[in-house]
Amino acid sequence: MTTQPASVTIDLEGRSYPIVIGAGLLDRPDTFASLPAASAAVIVTNDTVAPLFADRLARALQGRFASTHLVTLPDGEAYKDWATLNTIFDALLGAACDRSTTLFALGGGVVGDMTGFAAACYMRGVPYVQVPTTLLAQVDSSVGGKTAINHPMGKNMIGVFNQPLLVVADIDTLDSLPPRELAAGLAEVIKYGPIADHVFFEWLEANLPLLVARDRPSLARAIRRSCEIKAWVVGQDERETGLRAILNFGHTFGHAIEAGLGYGSWLHGEAVGCGMVMAADLSARLGLIDATYAARIARLVGRAGLPVRGPALGVERYMELMRVDKKAEAGQIRFVLIDGQGSARLSRAPSAVVAQVIEQHTG
Ligand code: NAD
Ligand code: GLY
């Protein structure tokens with residue numbers, strides 16, 4: 001082990017929980033010692049992750065649960081849908097799982113979002129634990145209780161808030177992550193700098209090569225700081241009535257890219273990376289930050305290996321897709337804009353300026 005586990009708390013009164021971050025956590029039964037007794041543990045994962053980590057997690061859970069079951073979903077964003085969600089219920093009912101069952105989401109954000117949603121619905125709610133194995137899931141999707149599936153007309157449109165009991169981010173699992181997926185995770189890491197912490201942004205500028213090289217201490221530091229910022233935001237605004245929306249920096253343009261190309265064409269993090277370049281430029285065009293800062297954000301996104309130009313969907317199509325965004329209000333698109341170094345706000349923007357941004361950064 002090269003790093004000591006760190007713990008960050010999501011502070012939500014009766015529903016508070018720890019995010020444990022470290023190396024080797026999957027091989028330690030005491031990682032899960034804080035969980036209440038339950039009749040069954042059900043590991044929900046996918047056909048890529050199962051052969052990598054399912055046995056190790058099952059071993060770590062041995063002795064704590066009367067039985068352990070495995071539910072293996074097909075891999076991919078395209079399967080984050082009703083039909084696949086229903087296969088989780090089929091498996092739970094098929095194994096006669098009762099209300100004293102704990103689900104374990106072992107995988108990336110797709111598995112995490114679907115398992116959290118399934119846990120909220122099964123028998124009107126059973127507890128679940130997040131065991132994120134992608135960088136994106138470790139710094140974002142496993143934390144904060146947003147769960148959802150996609151609808152053909154919009155991403156993450158069907159879902160609920162449902163907080164897990166525990167998040168276990170084992171940094172060792174990132175060793176097998178393809179470079180493209182690591183870069184997608186870096187997009188969500190990068191976003192925390194401009195929205196909340198300029199010192200972290202400058203640290204990322206200086207340390208990006210170490211993160212790309214998967215240097216353990218650097219990854220541990222980036223994951224911890226990302227989780228701390230997310231915990232700070234979610235602790236104040238769990239249900240996204242205001243502040244939490246800043247976590248969607250880059251997501252309005254990004255969701256349009258994902259939906260416009262069809263889910264799974266670009267990775268979520270790739271679309272968010274490009275979306276941040278566009279949202280930063282929009283912020284600069286509206287006079288909220290200077291163009292140099294927007295260019296620094298774009299440079300960092302590019303250095304992470306993420307696309308900085310969006311697909312040529314056309315201005316009208318982008319606008320149409322962005323109107324379906326959950327942040328839209330009465331059909332008016334709202335963007336997360338950067339209004340200082342480490343500061344963000346949710347705001348409308350004149351369509352003509354948004355169109356300029358789309359024309360400048362796509363095609
Ligand atoms: P993903 O879940 O599709 O995982 C990416 C790929 O990596 C998959 O092929 C997966 O099987 C594979 N994989 C996972 N762990 C691996 C490992 N350790 N080694 C090798 N391969 C591994 O994608 P993601 O980027 O983790 O998550 C994206 C999803 O998360 C999107 O659906 C997005 O909407 C959602 N999301 C949710 C929130 C939230 O707050 N709930 C936040 C951000 C993103
Ligand atoms: N990923 C955005 C949020 O959790 O609110």
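Here is how the numbers come out for the structure above:
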read-out	value
Positions within the range 251-265 being within 11 Å of ligand 1 (Cβ to nearest atom) and modelled with pLDDT of 95 or more, in sequence order	HIS251, GLY254
Single condition GLY275 does not satisfy, out of (1) more than 13 Å from ligand 1 (Cβ to nearest atom); (2) part of a helix (DSSP H, G or I); (3) in contact (Cβ under 8 Å) with a residue 24 or more places away in the chain	(1)
From the options VAL234, VAL277, VAL301, VAL272, residue that is of a type in the set (A, V, I, L, M) and farther than 23 Å from VAL354 by Cβ	VAL234
Flag if ASP90 is within 16 Å of ligand 2 (Cβ to nearest atom), among the charged types (D, E, K, R) and either in a strand (DSSP E or B) or at pLDDT 95 or above (or both)	no
The range 140-196, subset modelled with pLDDT under 95 and within 14 Å of ligand 2 (Cβ to nearest atom), residue farthest from SER7 (Cα to Cα)	LYS155
VAL129 being aliphatic (A, V, I, L, M), crowded, with 23+ Cβ neighbours inside 10 Å, in contact with a strand residue (DSSP E or B) (Cβ under 6 Å, 6 or more places away or on another chain) and touching a residue at least 12 places away in the same chain (Cβ under 8 Å)	yes
Search result, residues across the range 253-270 that are away from ligand 2 (no atom under 16 Å from the Cβ) and within 18 Å of GLN138 (Cβ to Cβ)	none
Some residue of the range 73-80 being out of contact with any strand residue (DSSP E or B) (no Cβ under 9 Å at 6 or more places or on another chain), part of a loop (DSSP other than H, G, I, E, B) and more than 7 Å from ligand 1 (Cβ to nearest atom)	no
Count of residues meeting criterion [touching a residue at least 12 places away in the same chain (Cβ under 8 Å) and not in a strand (DSSP E or B)] in the range 329-349	6
Qualifying positions in the range 182-206 - of a type outside the set (A, V, I, L, M) and either within 17 Å of VAL308 (Cβ to Cβ) or buried (at least 19 other Cβ atoms within 10 Å of the Cβ) (or both)	GLY185, GLU188, LYS191, TYR192, GLY193, PRO194, ASP197, PHE200, PHE201, GLU205
Enumeration of residues in the range 278-316 that are in a loop (DSSP other than H, G, I, E, B) and either in contact with a helix residue (DSSP H, G or I) (Cβ under 7 Å, 6 or more places away or on another chain) or crowded, with 18+ Cβ neighbours inside 10 Å (or both)	LEU286, LEU288, ILE289, ASP290, ALA304, GLY305, LEU306, PRO307, VAL308, ARG309, PRO311, LEU313
Options GLN163, GLN130; residue that is touching a Gly at 6+ places or on another chain (Cβ under 7 Å) and either within 7 Å of ligand 1 (Cβ to nearest atom) or in a loop (DSSP other than H, G, I, E, B) (or both)	GLN163
Which numbered condition GLU270 misses (of (1) away from ligand 1 (no atom under 16 Å from the Cβ); (2) surrounded by 15 or more Cβ atoms within 10 Å (Cβ to Cβ); (3) closer than 22 Å to LEU204 by Cβ)	(1)
Output for the range 201-252, where each listed residue is acidic (Asp, Glu), closer than 17 Å to SER141 by Cα and away from ligand 2 (no atom under 16 Å from the Cβ)	none
Every residue from the range 134-158 that is more than 8 Å from ligand 1 (Cβ to nearest atom) and either assigned to a strand (DSSP E or B) or surrounded by fewer than 19 Cβ atoms within 10 Å (Cβ to Cβ) (or both)	ILE149, HIS151, PRO152, MET153, GLY154, MET157, ILE158
Options LEU261, LEU243; residue that is surrounded by fewer than 24 Cβ atoms within 10 Å (Cβ to Cβ) and either under 14 Å from LEU313 (Cα atoms) or of a type in the set (Phe, Trp, Tyr) (or both)	LEU261
First in the range 35-61 and on the phi > 0 side of the Ramachandran plot and in contact (Cβ under 8 Å) with a residue 12 or more places away in the chain, second anywhere and more than 16 Å from ligand 2 (Cβ to nearest atom) and outside any loop (DSSP other than H, G, I, E, B), Cβ under 9 Å, 6 or more apart	none
Check on ARG285, at pLDDT 95 or above, over 14 Å from ILE338 (Cβ atoms) and of a type in the set (Lys, Arg)	no
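The values are calculated or read from the model by the stated rules, or taken from the named source; none is laboratory data. None of these values were measured; they are calculated from a predicted model. Ideal geometry is used to build each Cβ from the backbone, glycine not excepted, and the neighbour counts take in all protein chains shown.
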